[in-house]
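The values are calculated or read from the model by the stated rules, or taken from the named source; none is laboratory data. Because the structure is a prediction, the values reported are computed rather than measured. Cβ: placed from backbone, ideal geometry, glycine included. Neighbour counts: every protein chain shown.
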Amino acid sequence: MRDVMIGAFEVTALNDGVVFYETSRVLPTATSDQIRHGLHESGLSDPFPMCYNAFLIDTGEMLVLIDTGSGGKLDDQPEYHGAGHLMANLRAAGYEPEQVDEVYITHRGPDHIGGLTIGHERAFPNAIVCAPKSEFDPFLDPGKAAELLAEVHHDEEYRAWIQFIVDLFEPYIRAGNFRSIDSDVRLAPGIRALATHGHTPGHTSYVVQSQGQTLIIMGDLVLMSALQFANPSLGSSFDVDAEAAAEQRLRVFRMAAENDYWVAGSHLPFPAIGHIRAERDRFFWVPAD
């Protein structure tokens, strides 16, 4: 874990794990020259280590967790094998899951929502879970879920994916601890949602502000920092709408660079908090010292 003060708020980066990926698989439109140059410039080799991160915000009045890690679920799949350490690192940082007051979800990736439950029970028993309406309503509303299944001709893998999501949120819904949120809404003093749709239809970032300082927790806008800061137009194979994701990435890069905002990312190199600098048409990632 790693702590950074944003005004009076303490933000703790929590690592859930590290998974190795081939660059060309993550960024299929990147040229061989872009891959070679980006990896060399960052001192990396292929496959590169992708960090899986979440962030805990201690405002002094409440504890807010942004995303929950994979919960060790789907560990048999290469994309998530080796993740699932968020809860251990939360405790190593001096916190217990019972202390978390609210959980904000960026999007529906298993590495962001899998840690919501332990077995069939709430992993954060006292927390209210807030999730983007446009991202999760199609799965949590039975009527809409049935429509989705019909569109894919009742594909069994898709049915299992819907059930996976339902099983994670249902314990919170049953307890009255679930809130579906709209885009760009204020959630708590100093914290608001920021619509950054594209990576997924309802992908949402979160803006944290205290004493004149601002942090944007940008979720999955960046999956491969060694290439996507220098080339924001590079879409990911995991993007539902790569063009929209690129537009949001560039928007947040410019916003952060022009205003000297802090930035954090779910897949930036741990501790995944720093600044973005701009020079001509290129952006640079400057990690926290």
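Tally time: how many residues in the range 141-175 are under 21 Å from ILE118 (Cβ atoms), over 24 Å from the mean Cα position of the chain (by Cα) and without any contact (Cβ under 8 Å) to a residue 40 or more places away in the chain?
1
Would you point out the residue of the range 1-59, among those that are touching a residue at least 40 places away in the same chain (Cβ under 8 Å) and among the small types (Gly, Ala, Ser), that is surrounded by the most Cβ atoms within 10 Å (Cβ to Cβ)?
So, considering only residues that are touching a residue at least 40 places away in the same chain (Cβ under 8 Å) and among the small types (Gly, Ala, Ser), the one surrounded by the most Cβ atoms within 10 Å (Cβ to Cβ) is ALA54.
Scan the range 265-277 and tell me whether some residue there is closer than 24 Å to ILE191 by Cβ, assigned to a strand (DSSP E or B) and touching a residue at least 24 places away in the same chain (Cβ under 8 Å).
Of the residues in the range 265-277, the ones closer than 24 Å to ILE191 by Cβ are 265-268, 270-276.
Subset that is assigned to a strand (DSSP E or B): 273-276.
Keeping just the survivors that are touching a residue at least 24 places away in the same chain (Cβ under 8 Å) gives 273, 276.
Scanning the range 265-277, I find at least one residue that is closer than 24 Å to ILE191 by Cβ, assigned to a strand (DSSP E or B) and touching a residue at least 24 places away in the same chain (Cβ under 8 Å), so the answer is yes.
For ARG282, work out the one condition from (1) in contact with a helix residue (DSSP H, G or I) (Cβ under 8 Å, 6 or more places away or on another chain); (2) surrounded by fewer than 16 Cβ atoms within 10 Å (Cβ to Cβ); (3) charged (D, E, K, R) it doesn't fulfil.
Single failed check for ARG282: (1).
Being assigned to a strand (DSSP E or B) and in contact with a strand residue (DSSP E or B) (Cβ under 6 Å, 6 or more places away or on another chain) is the filter; apply it to the range 157-183 and report the residue that is surrounded by the most Cβ atoms within 10 Å (Cβ to Cβ).
Within the range 157-183, the first condition is being assigned to a strand (DSSP E or B), and the residues that meet it are 178-181.
Right, trim to in contact with a strand residue (DSSP E or B) (Cβ under 6 Å, 6 or more places away or on another chain) and you get 178-179, 181.
Values: PHE178: 18, ARG179: 16, ILE181: 21.
It comes out as ILE181.
Could we say that ALA256 is surrounded by 23 or more Cβ atoms within 10 Å (Cβ to Cβ), of a type in the set (A, V, I, L, M, F, W, C) and either farther than 19 Å from ASN15 by Cα or modelled with pLDDT of 95 or more (or both) here? Explain how you work it out, then say what you get.
Working: surrounded by 23 or more Cβ atoms within 10 Å (Cβ to Cβ): no; of a type in the set (A, V, I, L, M, F, W, C): yes; either farther than 19 Å from ASN15 by Cα or modelled with pLDDT of 95 or more (or both): yes.
Criteria not met by ALA256.
Quick check on LEU250: is it within 18 Å of PRO49 (Cβ to Cβ) and of a type outside the set (Ser, Thr, Tyr)? Working first, answer last.
Values: within 18 Å of PRO49 (Cβ to Cβ): no; of a type outside the set (Ser, Thr, Tyr): yes.
Considered against the rule, which asks whether it is within 18 Å of PRO49 (Cβ to Cβ) and of a type outside the set (Ser, Thr, Tyr), LEU250 comes out as no.
Within the set of pairs 6+ apart or on separate chains, which have a first residue in the range 83-98 that is closer than 16 Å to VAL64 by Cβ and touching a residue at least 60 places away in the same chain (Cβ under 8 Å), a second that is assigned to a helix (DSSP H, G or I) and not aromatic (Phe, Trp, Tyr), and C-beta atoms under 7 Å apart?
These pairs meet every condition: LEU86/GLY115; LEU90/PRO97.
Cβ contacts < 8 Å: first residue closer than 14 Å to LYS73 by Cα, restricted to the range 114-129; second residue among the β-branched types (Val, Ile, Thr) and outside any loop (DSSP other than H, G, I, E, B), any location; separation 6+ or different chain. Result?
Once the first residue is closer than 14 Å to LYS73 by Cα and sits in the range 114-129, its partners that are among the β-branched types (Val, Ile, Thr) and outside any loop (DSSP other than H, G, I, E, B) give LEU116/VAL103; LEU116/VAL129; ALA123/THR117.
Tally time: how many residues in the range 248-264 are acidic (Asp, Glu) and either within 21 Å of ILE35 (Cα to Cα) or assigned to a strand (DSSP E or B) (or both)? Please lay out each step first, then the result.
Pass one, the range 248-264, residues acidic (Asp, Glu): 258, 260.
If we keep only those that are either within 21 Å of ILE35 (Cα to Cα) or assigned to a strand (DSSP E or B) (or both) too, we end up with none.
Result for the range 248-264: 0.
Filter the range 184-215 down to the residues that are farther than 16 Å from ILE66 by Cα and surrounded by fewer than 19 Cβ atoms within 10 Å (Cβ to Cβ) and list them by number. Spell out how you get there, then give the answer.
At the first step, the residues of the range 184-215 found to be farther than 16 Å from ILE66 by Cα are 197-201, 210-213.
PRO201, GLN211, GLY212, GLN213 - these are the residues of the range 184-215 that are farther than 16 Å from ILE66 by Cα and surrounded by fewer than 19 Cβ atoms within 10 Å (Cβ to Cβ).
Of all residues being at pLDDT 95 or above and of a type in the set (Asp, Glu) in the range 53-85, which is farthest from GLN213 (Cα to Cα)? Just the residue, please.
The residue in question is ASP67.
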